[in-house]
Every structure is written in C-alpha cells, then in structure tokens.
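Right, one structure below, let's go through it.
The values are calculated or read from the model by the stated rules, or taken from the named source; none is laboratory data. Just so we're clear, the structure is a prediction, and the values are computed from it rather than from any experiment. All Cβ positions, glycine included, derive from the backbone under ideal geometry; neighbour counts span all protein chains shown.
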Amino acid sequence: MAKEEDNKEIENFSFLDHLEELRWRLIKSIAAIIIIAIGAFIFSDKFIDILLVPSEKLDDKMIIQVLKVEGLFMLKIKVAAAVGIVGSIPVIAYQLWAFVAPGLYENEKKWGKWLVLGATFCFVGGATFAYFVLIPFALRFLITIGKVDIQRQISISYYTQFVLRFLIASGLLFQMPVVSFILTKMGLITAKALRKYWKFAVIIALAMAAFLTPPDPVSMMMMGLPLLLLYEISIIVSRLAGGRKNKT
C-alpha cells in the first residue's frame, strides 16, 4: 500500500516538477562543495604537505619547484576544490538517494544511509590504497627511468595534479560495489549476468589499470588485481541485493 501511495504521489508530479527537484538537489550538492572548499582553502597548506609526502620518501629525490608567480595561489585553489568535491561525497550520495527514494519500496528505502556510508567508505578505501601503495610505486618507477645524473625538477602544479588524479580515480573505481548494488536494485544487472561476463571484466579491468598506472606490467597488475577483487565483491553485493531474483 505504501508503494502504491508513493507511486500515485509521484505520478502527480509533472516532468517540470521532477526537474525542479533535481535542480534543488544539485544546488545543495554544489553548495556543500563550495562550503567545504572554502574551509579547505584555509588549511590548503596542510593538504599540500600531505600530497608531498610520497615524493619525500623517495630514494631518488625530486626537486619540487614553483614555476609561475601565481603558481602557489592557483595550486591552493585546485587543492581546495579537490578537497571540496571529495569531502562532499556523503552529501552528494545522499542527495542522489533522496531523489530516487520516493519511487522505491519502504523496505528498500532503509538502504539509503548504508549506501551513503558505503560510497564514502569505498572512496576513502580507494584513495588510501592509491596514496600508500599505487602512488609511491608509480613515483619510484617513473623517477628511476633515464640517466642517473639528470636532476628530477618537477613542477609542484604538475606533481599535485598527478597525485590527485590517482587519488580521485582510485576512489571512483572503488565505487564498483556500490554501483553494483544500485544497478541490481534498478533491475539492470544480476549477479548471474556479472558472473557470465567476467572475461570481459578482466579485459576492462586491465585496460583501466593500464590507463591509470605507468606503462609496465607490474604496476598494471598492482591496480588490475584490486579491480578484479572489487568485481568479485560486486557480484556478491549484486547477489545480496537481488535477493530471490538472483537465486532463481
């Protein structure tokens, strides 16, 4: 009955009403990003220090340089924006869930808070893996290429973009189980289908790993293996989310 009442209420909403609701959800998400980014700008020096830690632990030291007069200021803005986006993930996840929740059953709505927590946890897990494993390995590999007597003088802007790219990309890739849960609930995928196409998943995982890591087989496997593990976890999540549908 609750589902039927919700559906009747949703049917009374016009297309413009849905667009208006979506607009306000986006505004709230953008506001969260801006507020967190402003706070992050105040402490941006601390965040930059954190991003520089992997370079400081290298045996072959890099010389990090500021090549433009406005370089540090623009860097602080970029880092603050990145922190704003990452820090707003719980808010963004909640707004997305709140937008689709009215069309779900009551027993499905209870998963909302767990999806928000899951999306946040998976992103933090992916970024942590990149920070402590992937980035140090990639830096060691790339810095040791070439002649020993050549100084490694790197722009601080390029270096931080390099690190942030790995952090954000890894965090997004670790959302695979969350995406699997949502798509299963929407009826777009099943655990059986994911298991059936695992060979294609291997190819895609290795291709994504090759794109995100230095062009050598060792680093590619370092990223590819966690992706395959995430795919297996996604199958389990899909089976649990599908309930009886995945058992037939």
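At a glance:
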{"item": "Close pairs from the stretch 183-199: first aliphatic (A, V, I, L, M), partner in a loop (DSSP other than H, G, I, E, B), Cβ under 9 Å, at least 6 apart", "result": "LEU183/ILE189"}
{"item": "Residues of the stretch 230-246 that turn out to be modelled with pLDDT under 85 and exposed (fewer than 15 other Cβ atoms within 10 Å of the Cβ), as a count", "result": "4"}
{"item": "Condition check for ILE64: farther than 20 Å from PHE123 by Cα, in contact (Cβ under 8 Å) with a residue 60 or more places away in the chain and in contact with a Ser or Thr (Cβ under 8 Å, 6 or more places away or on another chain)", "result": "yes"}
{"item": "Unique match (being within 21 Å of ALA82 (Cα to Cα) and in the same structural domain as VAL83 (by TED's automatic domain parsing)) among PHE123, PHE166", "result": "PHE166"}
{"item": "Filtered residues of the stretch 7-48 (kept if aromatic (Phe, Trp, Tyr), modelled with pLDDT under 70 and in a helix (DSSP H, G or I))", "result": "PHE15"}
{"item": "Selection status of LEU183, closer than 26 Å to LEU115 by Cβ and at pLDDT below 85", "result": "yes"}
{"item": "Helices (runs of 4 or more DSSP H) contained entirely in the stretch 80-185, each with at least 2 residues that are more than 29 Å from LYS61 (Cα to Cα) and charged (D, E, K, R)", "result": "106-109"}
{"item": "Search result, residues across the stretch 187-197 that are assigned to a helix (DSSP H, G or I) and loosely packed, with under 13 Cβ neighbours inside 10 Å", "result": "LYS196"}
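For (1) of a type outside the set (Asp, Glu); (2) within 28 Å of GLY224 (Cα to Cα), each residue gets a yes or a no:
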site	(1), (2)
ASP60	no, yes
LEU75	yes, no
LEU96	yes, no
GLU106	no, no
LYS109	yes, no
GLY118	yes, yes
VAL133	yes, yes
